[in-house]
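Here is the structure we will look at, set down as structure tokens.
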Amino acid sequence: MPELAEVETIARILAKGDIQTPSLIGQKIVGTSVFWKKTVAEPELETFQSAIKNQYVNKISRRGKFLILELDHAFLLYHLRMSGDLKMRFANTAIPLAYPLYAHDHVYLHFESHWHLAFNDTRKFGRLWLTQNPQTILNKLGPEPFDPKLTGTVFFEMLKKHKRQLKPLLLDQSFLAGLGNIYTDEALFQAQLHPKRLSNTLTEEDANRLLRAIRKVLRLGIEHNGASIDWAYKGGGFQNYFQVYQQTDNPCPRCGQPIQRTVIGQRGTHYCAYCQKNY
């Protein structure tokens, strides 16, 4: 699943463009093509297609794992879920399209420039919302990991309020927005905290160390354009820097003991039993 670093990378590329594609900023939407209706979570499909037409993309941002396009009169929110991605495609062709330009392209925004923003999603779990009030969708998210208001002391108080294992708690988007399996495993390893450790047993020093570790691995992920894992997201290089994630039986880079894999809260979890003590 694309996590904070991957979504941030996509947002930056769409906002700035790259050597092959233009910036999305200032592009005028002249139509849409939808090949998997369930991708549009709200509003109704006909309303979505009529309401979004002739609006310009003014700003691109991210909240947690949501990517947000700020239009003239509304906000378009994407959640990539397990396998989603956003790709700019060029085609000087009649719209709406009779068929997708590429396999697994489910929704297109067509621009006046003949560029098209494709929502590509192999497993079809991704969703988008067109709304005038994005907080109706985002209001249950916890704080951003990079929020300057999220100090070590604040994070410590947050952890104390729960008696939950660290791994599932950090994956809970209402607790902290943006983390998934990859960056949670990597951050817990950096902080030398066991994924089953109960959150209310951490000292303030532990909490500060964990927050620093979360920010460190996210910055590294963003620096390397995210991680390319299986078919979910392509283009990043952070997978080359994994310390524990998907490193089962490889030697721990800190102590040399084999990295272990277990299941916590129905999620595969990678850790070093020697370096990450459960106390």
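Here, each number is a calculation from the coordinates, and none is a lab measurement. As the structure is a computational prediction, the values presented were derived from the model and not from experiment. Glycine also receives a Cβ, built like all others from the backbone with ideal geometry; neighbour counts cover every protein chain displayed.
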Radius 15 Å from Cβ of residue 261, net charge of other residues (Lys, Arg +1; Asp, Glu -1): 0
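Just need the Rg to Rh number for the range 27-102, please, alpha carbons only, Kirkwood Rh.
Working: Rg = 12.8 Å, Rh = 13.8 Å.
So for the range 27-102, dividing Rg by the Kirkwood Rh gives 0.93.
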DSSP loop GluC sites (Glu not before Pro) with at most 13 other Cβ within 10 Å: longest gap in the chain: 113-279
GNM flexibility winner over the chain from 41, 11, 213 (Cα, springs under 10 Å): 41
Coordinate range along principal axes, alpha carbons of the chain, Å, largest first: 62, 35, 31
Share, in percent, of DSSP beta bridges within the chain that are antiparallel, nearest 5: 95
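What ranking, highest mean first, results for peptides 62-69, 158-165 when packing means the other Cβ atoms within 10 Å averaged over each residue?
Details: 62-69: 22.0, 158-165: 15.9.
So the peptides 62-69, 158-165, ranked by packing, come out 62-69, 158-165.
Applying a 10 Å radius around every beta-carbon, put 90-97, 196-203 in order of their mean neighbour count, most first. It would help to have the intermediate numbers written out before the result.
Details: 90-97: 12.1, 196-203: 16.5.
The densest-packed peptide leads the list: 196-203, 90-97.
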Cα radius of gyration and Dmax for the range 152-271 (Å): 13.9, 39
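What translational diffusion coefficient, to the nearest whole µm²/s, does the range 123-217 have by Stokes-Einstein, given a Kirkwood radius computed over alpha-carbon pairs, a temperature of 25 °C and 0.890 mPa s viscosity?
Numbers: Rh = 14.1 Å.
Estimated via Stokes-Einstein, D reaches 174 µm²/s.
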Length added when fully stretched, residue 220-residue 102, from 0.36 nm per residue minus Cα-Cα: 39.4 nm
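Filter the chain for me: DSSP H helices, axial length by Cα at least 20 angstrom, mean Kyte-Doolittle hydropathy not below -0.5. List them by residue number. Walk me through the numbers on the way to the answer.
Values: long enough: 204-223 (28 Å, -0.39).
Answer set is 204-223.
Beyond 26 Å, what share of the Cα-Cα pairs of the range 4-138 is found? Please give it as a whole percent. It would help to have the intermediate numbers written out before the result.
Details: 928 of 9045 pairs.
More than 26 Å apart: 10 percent of the Cα pairs in the range 4-138.
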Filter on 16/37; 65/160; 16/149; 65/216; 87/140; 87/124 - keep pairs with C-alpha separation over 20 Å: 16/37; 65/160; 16/149; 87/140
